[in-house]
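Data first, discussion second: the structure below is written as structure tokens.
Since every read-out is calculated from the coordinates, none of them should be taken as a lab result. Because the structure is a prediction, the values reported are computed rather than measured. Cβ sites come from the backbone with ideal geometry, for glycine too, and all protein chains shown count toward neighbours.
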Ligand code: 13P
């Protein structure tokens, strides 16, 4: 299994920010892990141009479940693919909260992504209130089982655990808490598809930065990270890529 350092630029970045991508590639031309950046859709083709022939893959942040049609403002999986994407983040908590995305919709999007040859990164995670109420694993299990596409394998799916309360806050769960959720995700995926799930990459996301990456990557069943703010700067994301390459 090749571990995955994924960056989610969210609604940040511009053509000028592609200088950070060039700097990242200059410093890390051949990392031992896989490297992925998911910019806003408007930057996808330009970033794919910078990434062509390098170790960097690019991805989208969302797609529509249908291939084309009267859906103003939406983008299909095939359109992302044509723009150069290899991956697409789906069911991010910001999409679930801002756009009311349900597990069933995330599942439909993941199946559309597969239809277009993209690898979905399905995000799950509890709110702080859910964690405080002791509901973390139940919430995550429900999200996971409701969002999984049919016919997934370790080669065509990535799952990211992103506790909602850890995103953009500088707070992270304890290493034991991360281990507990990742162990649970692994067990649920093995229950679904058997031994191949031992190779399915499980990312942790939520306030990952150079100063905590080494200890997080040391946690069992953490096969990479989904990084928000720290993926915008080449130096920070590069340090995370380096930590994962050494893990
Ligand atoms: P931060 O790394 O900024 O906390 O964001 C995490 C995230 O939501 C990645 O998808």
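What ratio of Cα Rg to 2.2 N^0.38 Å holds for the chain? Don't skip to the end; give the middle numbers.
Details: Rg = 16.6 Å, N = 247, 2.2 N^0.38 = 17.9 Å.
It is 0.93.
Using the alpha-carbon centroid of each, what span in Å lies between the range 19-39 and the range 194-214?
That distance is 18 Å.
Need the C-alpha centroid separation for the range 106-129 versus the range 146-180, integer Å.
11 Å
Å³ per residue of the Cα convex hull, for the range 144-225? Please list the in-between numbers first.
Values: hull volume 7.5 nm³, N = 82.
Looking at the range 144-225, the number lands at 92 Å³ per residue.
What is the projected area of the convex hull of the Cα atoms of the range 96-138, averaged over all directions, in nm²? Walk me through the numbers on the way to the answer.
Values: hull surface 14.7 nm².
One quarter of the hull surface, i.e. the mean projection, equals 3.7 nm².
Nearest 0.05, what FRET efficiency do residue 74 and residue 54 give at R0 = 22 Å with Cβ-Cβ as r?
Numbers: r = 29 Å, r/R0 = 1.33.
The pair residue 74/residue 54 has a calculated efficiency of 0.15.
In whole Å, what are the extents of the range 84-158 along the principal axes defined by its C-alpha atoms, from largest to smallest?
Computed over the Cα atoms, the extents are 40, 25, 18 Å.
Take the Cα coordinates of the range 133-175, assign each an equal point scatterer, and use the Debye formula without solvent to give log10 I(q)/I(0) at q = 0.20, 0.22, 0.32, 0.34 Å⁻¹.
-0.81, -0.90, -1.17, -1.22
In what sequence do 34, 180 fall when counting other Cβ within 10 Å, fewest first? Display every interim value, and only then the final one.
Details: 34 22, 180 16.
Fewest-to-most Cβ neighbours within 10 Å comes out as 180, 34.
Rank these for me by crowding, 74, 151, 236, going from fewest to most other beta carbons within 10 Å.
Numbers: 74 14, 151 10, 236 21.
Fewest to most other Cβ atoms nearby, the residues stand as 151, 74, 236.
Using only the Cα atoms of the range 99-199, build the gyration tensor, take square roots of its eigenvalues as a ≥ b ≥ c, and label the shape rounded, prolate or oblate: rounded if a/c is under 1.5, else prolate if a/b is larger than b/c, else oblate.
Taking the square roots of the gyration eigenvalues as a ≥ b ≥ c, the range 99-199 is prolate.
Name the residues of the range 95-118 whose amide N is less than 15 Å from a point 7 angstrom out from the Cα of residue 66 along the C-beta direction?
Zone members listed by number: 108-109, 112.
Fewest to most neighbouring Cβ within 10 Å: what's the order for 126, 215, 20? Don't skip to the end; give the middle numbers.
On the way: 126 25, 215 12, 20 21.
In order of increasing Cβ crowding within 10 Å: 215, 20, 126.
Per residue, what volume in Å³ does the convex hull of the Cα atoms of the range 22-157 enclose? Kindly include the intermediate steps, with their values, before the conclusion.
Details: hull volume 18.5 nm³, N = 136.
Per residue, the Cα convex hull of the range 22-157 comes to 136 Å³.
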